[in-house]
Amino acid sequence: MTKTSSVMGPPPPALTTTTEPPAVRRALILGAVAFVALFLVMPLAVVLAEAFRRGVGAYFDAITEPYTLAAVGLTLTAAAIAVPLNVIFGLTAAWAIAKFEFAGKSLLITLIDLPFSVSPVIAGLIYVLMFGAQGWVGPWLIEHDFRIIFALPGIVLATVFVTFPFVARELIPLMQDQGTDEEEAATLLGASGWQTFFRVTLPNVKWALLYGVLLCNARAMGEFGAVAVVSGHIRGVTNTMPLHIEILYNEYKFAASFAVASLLALLALVTLVAKILLEWRYGDELAGVHRMPRGGKA
Amino acid sequence: MLALRRPSVLPGFGPTLGFALLYLSLIVLIPLAALFFRSADLGFDGFLRVVSTPRALAAFRLTFGAALFAALVNAFFGLLLAWVLTRYRFPGRRIIDGLVDLPFALPTAVAGIALATLYAPNGWLGSLLDKVGIKVAYTPAGVFVALVFISLPFVVRTIQPVLQDLEPELEEASASLGANRWQTWRFVVFPVLLPALLTGFALAFARALGEYGSVIFIAGNLPGRSEIVPLLIFIQLEQYQYAAAAAIATVMLLASFVLLLLINLLQRWASKRHGE
């Protein structure tokens, strides 16, 4: 994508030998645009149309209702814990993987990607099997009056799992490309490990880190399946925004449901725009990121 | 450990690798192992019985079938979109390029209620389709529509970089040797794109298999008819059938692992092709 933007400008003169006849071109463009309109634009438009169906007043009533505000608060809290945890993991894993050579490295990279190929429902299920009333450590937790399932810790765990690879996935290929020369120079000149990290490594990867955090955060705030399994849907207590959307929808409060959904749709659009701006402005510093596709939702 | 790594002047190998492995084990590996052990409680016969009930088999058929169809549709339209976005210049191209990532960014619950409303009998598209006798919402077709939406970006995003790096000289040589445009496309361009196309297809299929949020609103969720496997797992769990939920989840997880392996092999093939 970064490359497309850099080669923008006047279209190259059409050679009939290396491009299609104009009629074919127009038909292909039309087909692609129709597919995008049908599958991407219409769902987005319907969110906004339904959210404001009952007017602006009803919209603001819906998003300032106490249960909605509690859901927003819980979603922000869960993301505020899960995202930094995955940032710390991403940075440490990338440091170990990109700056050192050791046996089993490619297996480790594969394992880091694993959560992308696990269904969100299974992501929730595994924590219920661990910490639920019938789980491995569930009875011990109940004895000590500490709840994980149907409480905030479970929601955070499920969120951490589904967003696990995002930051590491952005940092590892970039830091591998950058090599170890600069860090070695800093170390030989007498810098401590932390100084090397904060003054050399971190500035080199800051945009890729931000990119990873953006994607990680969007997924963390929007996660539905995994959180639905561990939350228990206690309104005002363990109900995140996506779960609140489901409850309102199932109660036929469509306008309110879409009003809350519009907030998450807005988050998605802001994330997309920020992502495009980052790719456009700092494409080179995100290098390696778009070379290979990732195995999951970004 | 020292013998297994190349010496380096940089500090911090032990602590960072140690922390990464600990975190990976606690969050991912041990809980996933718990799933396998729990389904092993059933014994082999019990396991087979649970995953081969008529309800489970219907859910497997629907999930794998709809995911396969959705991935096929996206292989075709993904190739078309990637081609149009990299090769042609037209107004709105940048916006469409950005929109392709929407299914990655839009929470699945939001996509789910939007698609259900759109394709409901009184919705914008549902009412049109209703006139010609097609029902999408609350039928297996609804599952397919939701899966097309969520797996849309994969093929586009895997093919785009390959198309951008494709040297025009190849096509010029083909044309100057007398091939017409279709022959050039079919015998020169397409073989280069094939590994990426298959990778994108496999990624889309893998993602669609596990999808839950966007499907359950539009599917209708009738057991044996429009109930997907992730929902069946959820329902078993809500009825405290932990071992049954774990057994069905184990089947899905094994399918994911096989796909993951396949995707890794495809990517290796793709990067080898790409590098030549």
If I go through segment B:1-48 residue by residue, how many of them are more than 30 Å from the chain's Cα centre (by Cα), in a helix (DSSP H, G or I), closer than 16 Å to A:Phe102 by Cβ and more than 7 Å from chain A (Cβ to nearest Cβ)? 5
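How many residues does segment B:18-75 hold that are of a type in the set (Ser, Thr, Tyr) and open to solvent by 30 Å² or more (accessible area, probe 1.4 Å)? Step through it out loud before you land on a result.
From segment B:18-75, those of a type in the set (Ser, Thr, Tyr) are B:23, B:25, B:39, B:52-53, B:63; that's our starting set.
Narrowing the set further to residues that are open to solvent by 30 Å² or more (accessible area, probe 1.4 Å) leaves B:25, B:52-53.
Matching residues across segment B:18-75 total 3.
Got a sec? Which of A:Glu183, A:Glu170 is within 8 Å of chain B (Cβ to nearest Cβ) and of a type in the set (D, E, K, R)? Write out each step before concluding.
Numbers: A:Glu170 fails: within 8 Å of chain B (Cβ to nearest Cβ).
Answer to the selection: A:Glu183.
List the helices (runs of 4 or more DSSP H) that sit entirely inside segment A:52-146 and contain at least 2 residues that are touching a Phe, Trp or Tyr at 6+ places or on another chain (Cβ under 7 Å).
On the way: elements: A:56-63, A:66-99, A:105-113, A:120-131, A:138-143.
By residue number, A:66-99, A:120-131, A:138-143.
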For segment A:187-203, what are the residues that are in a helix (DSSP H, G or I), more than 9 Å from chain B (Cβ to nearest Cβ) and open to solvent by less than 100 Å² (accessible area, probe 1.4 Å)? A:Gln195, A:Val200, A:Thr201, A:Leu202, A:Pro203
Matching residues in segment B:99-133 - criterion: being under 16 Å from the mean Cα position of the chain (by Cα) and more than 7 Å from every other protein chain (Cβ to nearest Cβ): B:Val100, B:Pro103
Exactly one of B:Leu203, B:Leu232 is buried (at least 22 other Cβ atoms within 10 Å of the Cβ), under 30 Å from B:Gly43 (Cα atoms) and within 11 Å of chain A (Cβ to nearest Cβ), and that residue is B:Leu232
Quick check: is even one residue across segment B:53-73 facing chain A (nearest Cβ under 10 Å), modelled with pLDDT under 95 and in contact with a Phe, Trp or Tyr (Cβ under 9 Å, 6 or more places away or on another chain)? no
For residues that are hydrophobic (A, V, I, L, M, F, W, C) and part of a loop (DSSP other than H, G, I, E, B), scanning just segment A:233-287, find the one that is surrounded by the fewest Cβ atoms within 10 Å (Cβ to Cβ). A:Ile234
In this structure, does B:Ala173 turn out to be out of contact with any strand residue (DSSP E or B) (no Cβ under 8 Å at 6 or more places or on another chain) and facing chain A (nearest Cβ under 9 Å)? no
Residues in segment B:256-270 that are closer than 13 Å to A:Ile122 by Cβ and open to solvent by 20 Å² or more (accessible area, probe 1.4 Å): how many? 1
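Listed here are the residues, each with its yes/no results for (1) open to solvent by 10 Å² or more (accessible area, probe 1.4 Å); (2) in contact (Cβ under 8 Å) with a residue 24 or more places away in the chain; (3) touching a Gly at 6+ places or on another chain (Cβ under 9 Å).
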position: A:Pro66; (1), (2), (3): yes, yes, yes
position: A:Ser106; (1), (2), (3): yes, no, no
position: A:Ser117; (1), (2), (3): yes, yes, yes
position: A:Gln134; (1), (2), (3): yes, no, no
position: A:Leu141; (1), (2), (3): yes, no, yes
position: A:Phe161; (1), (2), (3): no, yes, yes
Look at B:Pro195 and say whether it is open to solvent by less than 20 Å² (accessible area, probe 1.4 Å) and under 25 Å from the mean Cα position of the chain (by Cα). yes
Considering segment B:213-229 alone, what residues qualify as being open to solvent by less than 10 Å² (accessible area, probe 1.4 Å) and in contact with a Gly (Cβ under 8 Å, 6 or more places away or on another chain)? B:Gly213, B:Ser214, B:Val215, B:Ile218, B:Ala219, B:Ser226
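If you check B:Phe154 against the conditions, is it within 17 Å of the chain's Cα centre (by Cα) and at the interface with chain A (Cβ under 9 Å from one of its Cβ atoms)? Even if it seems obvious, please write down each step before you answer.
Numbers: within 17 Å of the chain's Cα centre (by Cα): yes; at the interface with chain A (Cβ under 9 Å from one of its Cβ atoms): yes.
Yes, satisfied.
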How many residues are among the aliphatic types (A, V, I, L, M), free of Cβ contacts under 8 Å to residues at least 40 places away in the same chain and out of contact with any helix residue (DSSP H, G or I) (no Cβ under 9 Å at 6 or more places or on another chain) when one looks only at segment A:202-261? 0
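The values are calculated or read from the model by the stated rules, or taken from the named source; none is laboratory data. This structure is a prediction, so every number in the text was calculated from the model and none was measured. Virtual Cβ from ideal backbone geometry, glycine too; neighbours counted across all protein chains shown. These area figures cover heavy atoms from the full protein model, side chains too; ligands, DNA and RNA do not enter into them. Shrake-Rupley method; radii C 1.70, N 1.55, O 1.52, S 1.80 Å.
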